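Below you'll find the structure, written out as structure tokens, and then a few comments.
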Amino acid sequence: MSPRKKILRKVLSPPLIKGFKPYGRESGKRNLEPVNLLYEEYEALRLSDYDILNHHQASEIMGVSRPTFTRIYASALQKIASAFVEGRQISIEGGKVYFDSDWYQCDQCLCNFNNPEREKEIKNCPLCGSNQIKRYNFGSPTKNSGKNNCIDTLVCPDCGFEQALVNEGVYNEQVCPKCKSIMKRKKIYNC
Amino acid sequence: MKIAISSTGNSLDSPIDPRFGRCCYFVIYDTEDKTIDFIPNPNKNAEEKAGSASVQLMASKAISKIISGEFGLKIKSNLDSLKIQMIILKEPETKIKDIIEILNKTNY
């Protein structure tokens with residue numbers, strides 16, 4: 001059986017450098033494989049020991065559970081320790097991560113958009129091209145916006161009870177109020 | 001550059017679909033040769049994983065921007081890692097031809 005798929009970990013700020021090299025007389029003599037520190041392990045170390053957050057807070061930032069965060073952090077410490085003791089290089093690359101993107105709002109056409117490329121700064125709205133854009137904090141407003149127009153309904157597979165979908169994110173955890181079985185999204189054929 | 005717009009119908013007069021994963025049609029507009037393609041969404045009636053299947057469809061067509069009414073929680077991270085820009089347009093009455101007109105005015 002294949003292992004369970006890892007969920008994507010959110011990385012807020014990617015590392016400035018690609019890795020570390022040891023120096024000293026012995027460092028160049030042995031050609032050892034570098035230790036591969038993953039992006040998520042770097043981020044775990046940064047949140048936990050540089051930003052001084054506890055594992056619970058840091059796990060929420062990275063979008064993983066607290067035990068998973070602790071495992072990532074433990075693996076980071078173990079890799080760094082082995083690099084220090086054995087005098088190996090550290091290369092920071094790879095990992096199952098995504099980089100969080102910034103969100104903007106355009107005042108002209110009232111659209112929201114994100115910047116998927118962190119290196120480039122966005123100055124104009126990608127839709128209407130106006131420069132009246134401002135940073136937009138994506139928090140609670142997304143929960144209500146746009147959802148009112150959705151015609152999705154939930155249907156109970158056992159008794160056929162129908163209910164409008166209230167919160168899109170949790171549709172597969174809602175139970176039928178009549179027969180207590182888990183409800184499914186109703187198929188829509190009207191278009 | 002290719003831009004995808006979620007649409008409720010297969011004509012230029014149809015309004016934008018507020019959903020991304022389960023929209024009826026994807027309109028793919030090429031800003032270079034000004035071609036407009038309508039693709040019926042194969043994941044329209046999917047019970048689950050409609051969003052991620054639609055993201056894969058978009059990635060296979062080399063789309064760089066997606067305009068839709070709303071994006072689901074799960075696919076925001078997928079689109080971020082694929083470096084596809086999301087544009088959320090909150091007005092459900094906007095027609096496809098209006099959006100293409102605005103895109104034409106913007107110089108790319």
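In the P(r) worked out for the protein assembly as shown, what percent of Cα pairs fall beyond 37 Å?
28
Given a Förster distance of 30 angstrom, what is the FRET efficiency for B:Met1 paired with A:Lys134, based on the Cβ-Cβ distance and rounded to 0.05?
FRET efficiency, B:Met1 to A:Lys134: 0.80.
Can you give the accessible area buried between chains A and B, summed over both chains, with a 1.4 Å probe, in Å² to the nearest 100?
Buried: approximately 3000 Å² between B and A.
Stick to Cα atoms and the Kirkwood definition of Rh, then tell me Rg/Rh for region A:9-98.
Dividing the radius of gyration by the Kirkwood radius yields 1.02.
Once label points are set 7 Å from the Cα along Cα→Cβ at both A:His56 and B:Ser11, what is their separation, rounded to one decimal in nm?
5.8
Which loop chymotrypsin sites (Phe, Trp or Tyr not before Pro) in region A:1-101, with loop taken from DSSP, have no more than 14 other Cβ atoms within 10 angstrom of their Cβ?
Sparse-neighbourhood loop chymotrypsin sites (Phe, Trp or Tyr not before Pro): A:Tyr23.
Over chain B, with the other protein chains present, what is the accessible area per residue in square angstrom, probe 1.4 angstrom?
Here the per-residue accessible area is 44 Å².
Where is the GNM fluctuation largest for chain B (alpha-carbon springs, 10 angstrom cutoff): B:Ile75, B:Ile88, B:Ile16?
The residue with the greatest mean-square fluctuation here is B:Ile88.
As a test of the definition: which semi-axes, in Å, follow for chain B when you take the square root of five times each eigenvalue of its alpha carbon gyration tensor? Largest first, please.
Largest first, chain B gives 20, 16, 13 Å.
Hey, which lysines would be in cross-link range of A:Lys79, C-alpha to C-alpha under 19 Å, not counting anything within fewer than 8 residues on its own chain?
By straight Cα distance, A:Lys79 reaches A:Lys18, A:Lys21, A:Lys96.
B:Glu91 to A:Phe161: FRET efficiency via 1/(1 + (r/R0)^6), r the Cβ-Cβ distance, R0 25 Å, to the nearest 0.05?
0.15
If each of A:Ser91 and B:Lys49 carries a label point 7 Å out from its Cα toward its Cβ, how far apart are those two points in nm?
Result for the modelled spin labels: 3.3 nm.
Strictly over 20 Å apart at the Cα level, which of A:Lys10/B:Lys61; A:Lys120/B:Lys90; A:Lys5/B:Lys74; B:Lys65/B:Lys95 would you flag in this model?
The pairs that break the limit, which is 20 Å between Cα atoms, are A:Lys10/B:Lys61; A:Lys120/B:Lys90.
Using a basic spin-label model with each label point 7 Å from the Cα along Cα→Cβ, how many nm lie between B:Lys83 and A:Gln108?
Here the answer is 2.6 nm between the modelled labels.
Rounded to the nearest 0.05, what FRET efficiency is calculated for A:Cys179 and A:Met1 with R0 set to 41 Å and r the Cβ-Cβ distance?
0.80
The values are calculated or read from the model by the stated rules, or taken from the named source; none is laboratory data. All figures in this text were calculated on a predicted structure; none of them were measured in a lab. Note: ideal-geometry Cβ built from the backbone for every residue, glycine included; neighbour counts use all protein chains shown. Areas reflect the complete protein model, heavy atoms only, side chains present, ligands, DNA and RNA absent. Shrake-Rupley method; radii C 1.70, N 1.55, O 1.52, S 1.80 Å.
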